[in-house]
Every structure is written in structure tokens, then in C-alpha cells.
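Following this message is one structure expressed as C-alpha cells.
Nothing in this text is a laboratory measurement; each read-out follows from the coordinates by a stated rule. On a predicted model such as this, the values are computed, not experimentally measured, just so you know. Counting neighbours? That spans all protein chains shown, and the Cβs are built from the backbone with ideal geometry, glycine included.
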Amino acid sequence: MNNFDYHKPSTVEEAVHLLTDGAKALAGGMTLLPTIKQGLAAPDALVDLSTIEALVGIREHHDKGVVIGAMTTHATVSSSDLVREKIPSLASLASGIGDAQVRHRGTIGGSLANNDPAADYPAALLGLGGSVHTNKRTIAADDFFDGLFSTALEDDEVIAHVHLPIPQYAVYVKFPQPASRYALVGVFIAQINGGVRVAVTGAGSDGVFRAQSLETALNQNFSAAALSGVQENAAELMSDLHGSAAYRAHLITILAQRALN
Ligand SMILES: Cc1cc2nc3c(=O)[nH]c(=O)nc-3n(C[C@H](O)[C@H](O)[C@H](O)COP(=O)(O)OP(=O)(O)OC[C@H]3O[C@@H](n4cnc5c(N)ncnc54)[C@H](O)[C@@H]3O)c2cc1C
């Protein structure tokens with residue numbers, strides 16, 4: 001492990017100022033610290049966001065959405081009365097991430113910035129059509145994810161909070177990889193603004209994606225029966241030691257049907 005400087009700013013502005021070349025933002029460290037230990041990353045400095053109070057908390061936005069600070073942990077999201085009332089599928093998604101230790105250290109901002117292809121929150125952000133708010137700008141979910149472990153974020157950009165619109169209905173189902181609890185396949189379905197959005201994690205060869213064939217079928221008939229015979233193109237899905245692309249294509253439809261049933 002290389003030596004690095006450690007900074008503990010108390011404002012977002014200070015953090016951004018410290019995020020010069022070679023520095024990395026540190027949230028709960030759930031991914032970043034093991035990556036450094038394994039020598040897969042060697043930042044010159046870590047900018048710890050944990051003492052920036054403005055980055056923590058959950059509030060309602062004009063009856064239409066829920067705003068979640070980037071440093072809010074999965075445990076806080078899963079136990080939030082507001083989230084449980086307005087977007088119960090999100091509370092349930094957060095409660096199914098990893099184990100208790102991960103849920104008490106891992107953050108929504110860290111999960112989205114990391115964009116692991118099997119992570120759960122990317123499916124919720126994309127499924128709900130939410131947005132990511134940084135120190136510089138607002139990025140719509142449809143423009144945020146940019147391939148495996150890659151996002152639209154620039155090096156000196158910090159996620160401040162996430163805005164998630166309140167859906168008429170939403171549900172998330174995942175088939176967890178038994179050791180890590182990451183999604184082998186996870187499907188988030190939302191009825192929102194008069195349409196249906198379906199986001200899939202764990203299966204895409206470029207990470208989280210919207211399942212167009214399922215969206216088309218569910219926009220015509222919002223029921224499990226409408227998905228019979230509908231399948232995503234396996235050629236665009238991931239194969240690994242946990243499952244083939246064909247298996248994942250099958251799971252996407254099965255999980256979506258289970259969710260709707
Ligand atoms: C054993 C284990 C099991 C897990 N299981 C699951 C699971 O089932 N489902 C799931 O979805 N996830 C799972 N995770 C991931 C976990 O949920 C964390 O959210 C994820 O590891 C990111 O951790 P973190 O929030 O501590 O961010 P860190 O590790 O501190 O940072 C991750 C990356 O995001 C960047 N970053 C962090 N915060 C910001 C910000 N505000 N603005 C800009 N960039 C930022 C950092 O620079 C770094 O590049 C698991 C992790 C572990 C270790």
C-alpha cells in the first residue's frame with residue numbers, strides 16, 4: 001500500500017478544492033479501501049467526506065420526490081420512515097445490500113459513483129428516472145451511467161445528493177449472488193409519470209441498463225402475463241462464472257414476473 005495524504009474537509013467546497021490530480025473522495029471506504037489495499041488504486045490523497053454534514057440526510061421535495069444526501073448510509077435509507085412511506089421499494093432495496101457492516105458504512109453516493117455492474121442503487125436511480133446533483137450540475141439518471149465502473153462524474157466533481165421522484169408504484173427484486181449479496185440479476189420496475197421504466201442491474205455487459213422490451217410490453221399491459229415470451233437479447237448480456245448470458249436473460253423476465261405477481 002502506498003503512502004497518501006489524508007484530508008478531512010468540513011464543506012463540499014473545501015473537498016472539491018482538495019480533489020486535485022491524484023486525489024480521491026472517500027465515502028465509507030467499502031470499495032475504495034480494499035481497492036487501495038489490493039494495489040488496484042494508488043491515490044496520492046484521500047478526501048474524506050464523512051464530516052461534511054451537508055451531505056447527510058433524507059428529506060421530501062415538494063411532495064414529488066425524496067432527496068437523499070450522498071453520505072447517507074444504506075442502513076439509514078432502509079430504516080427511514082420517509083423512504084418507507086414514499087418509496088418502500090427503495091427501503092427494501094437498501095436493506096438487501098451486503099451485510100450489516102456494509103450497510104452501516106456504505107453510502108448511496110459511493111455506490112452510484114462506483115457504478116459496480118452488480119450494485120443495487122444504480123437500478124433504483126435509473127428505474128425511477130432520478131437525478132444526481134453534484135457541486136457543479138444536475139445529471140439525469142439516463143445520462144449518468146457510462147459503462148462498467150464509469151459515470152459522467154468528472155475527477156473534481158462530488159455528488160452532493162440524489163433526487164428520486166415518488167412513483168405511483170415501484171418494486172425491486174434481486175437474485176443475489178449468495179456470497180456477496182450483490183445482484184446476479186436485479187430488476188427495478190416503476191410506474192411513473194404515466195409510463196413504465198424497467199432498470200436491470202447485474203446482467204448488462206456495460207452495467208445497469210433499461211430493459212426496452214419489458215418496458216414496451218408493460219406499457220401496453222402492466223401485468224406479469226404481458227411478459228410471457230418477452231426476453232432481453234442475451235447477446236448484449238454478461239456471462240461469467242456465476243451465470244451465462246442466456247441464464248441472465250431468462251432471470252430478468254422471471255424476476256420481473258415475480259415482482260409483478
Ligand atoms: C462485502 C461487500 C458486499 C457488498 N454487497 C453489495 C450489494 O449486495 N449490493 C450493492 O449494491 N453493493 C454492495 N456492496 C457495495 C457497498 O454497498 C458500497 O456502497 C460500495 O462499496 C461503495 O462504498 P462506499 O459508499 O463506502 O464508497 P467508497 O468505497 O468510499 O467510494 C467508492 C467510490 O466512489 C467515489 N465516491 C464516494 N463518494 C462520492 C461522492 N459523494 N461523490 C463522488 N465520488 C464519490 C470514491 O472516490 C470511490 O471512487 C458491497 C460491498 C462489500 C464490501
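Given a cut-off of under 8 Å on Cα pairs at least six residues apart, what relative contact order in percent is computed for region 169-260? Present the calculation step by step, with values, prior to reporting the outcome.
Details: 166 pairs, mean separation 24.4, N = 92.
Rounded, it is 26 percent for region 169-260.
Here's something else I'd like to know. Counting other beta carbons within 10 Å of each residue's own, what order do Met238, Met71 fall into, fewest first?
Working: Met238 21, Met71 24.
Fewest to most other Cβ atoms nearby, the residues stand as Met238, Met71.
Assuming a viscosity of 0.692 mPa s and a temperature of 37 °C, what translational diffusion coefficient in µm² per second does Stokes-Einstein assign to region 40-108, Rh being the Kirkwood radius over Cα pairs?
Approximately 251 µm²/s, per Stokes-Einstein.
How much length is gained if the chain between Val230 and Glu85 is pulled fully straight, taking 0.36 nm per residue apart and subtracting their Cα-Cα distance, in nm to one decimal? Spell out each step's value before the answer.
On the way: separation 145, 0.36 × 145 = 52.20 nm, distance 3.20 nm.
Extra length available between Val230 and Glu85 comes to 49.0 nm.
Once a ≥ b ≥ c are taken as the square roots of the eigenvalues of the Cα gyration tensor of region 102-248, is the result rounded (a/c under 1.5), prolate (a/b larger than b/c) or oblate (a/b not larger than b/c)? Provide the component values of the computation, followed by the final result.
Details: a/c = 1.81, a/b = 1.25, b/c = 1.45.
Verdict is oblate for region 102-248.
If you don't mind, another one. Compute the label zone of Asp5 within region 34-53: residues whose backbone N is under 11 Å from the point 7 Å along Cα-to-Cβ.
Hits in region 34-53 for Asp5 at 11 Å: 44-47.
State, as an integer percentage, the relative contact order of region 1-99 based on alpha-carbon contacts under 8 Å between residues 6 or more apart. The partial results should precede the final answer.
On the way: 136 pairs, mean separation 23.6, N = 99.
Normalised by residue count, the contact order of region 1-99 is 24 percent.
Could you tell me the relative contact order of the chain? Use alpha-carbon pairs under 8 Å, at least six residues apart, and round to a whole percent.
Working: 573 pairs, mean separation 39.0, N = 261.
Taking the mean separation of contacting Cα pairs over the length of the chain, I get 15 percent.
Based on the Cβ-Cβ distance from Glu13 to Lys64, what FRET efficiency comes out when R0 is 25 Å, to the nearest 0.05?
On the way: r = 28 Å, r/R0 = 1.13.
Approximately 0.30, to the nearest 0.05.
Moving on to the next point. Sorted from fewest to most neighbouring beta carbons within 10 Å, what does the list His163, His61 look like?
His61, His163
Okay, next question. Under 20 Å from the 7 Å Cα→Cβ point of Gln38, by amide nitrogen: which residues of region 208-226?
Backbone N within reach: 208.
What order do you get for Asp142, Asp116, Asp21 when you list them from fewest to most C-beta neighbours inside 10 Å?
Details: Asp142 13, Asp116 19, Asp21 8.
Ascending Cβ contact count within 10 Å gives the list Asp21, Asp142, Asp116.
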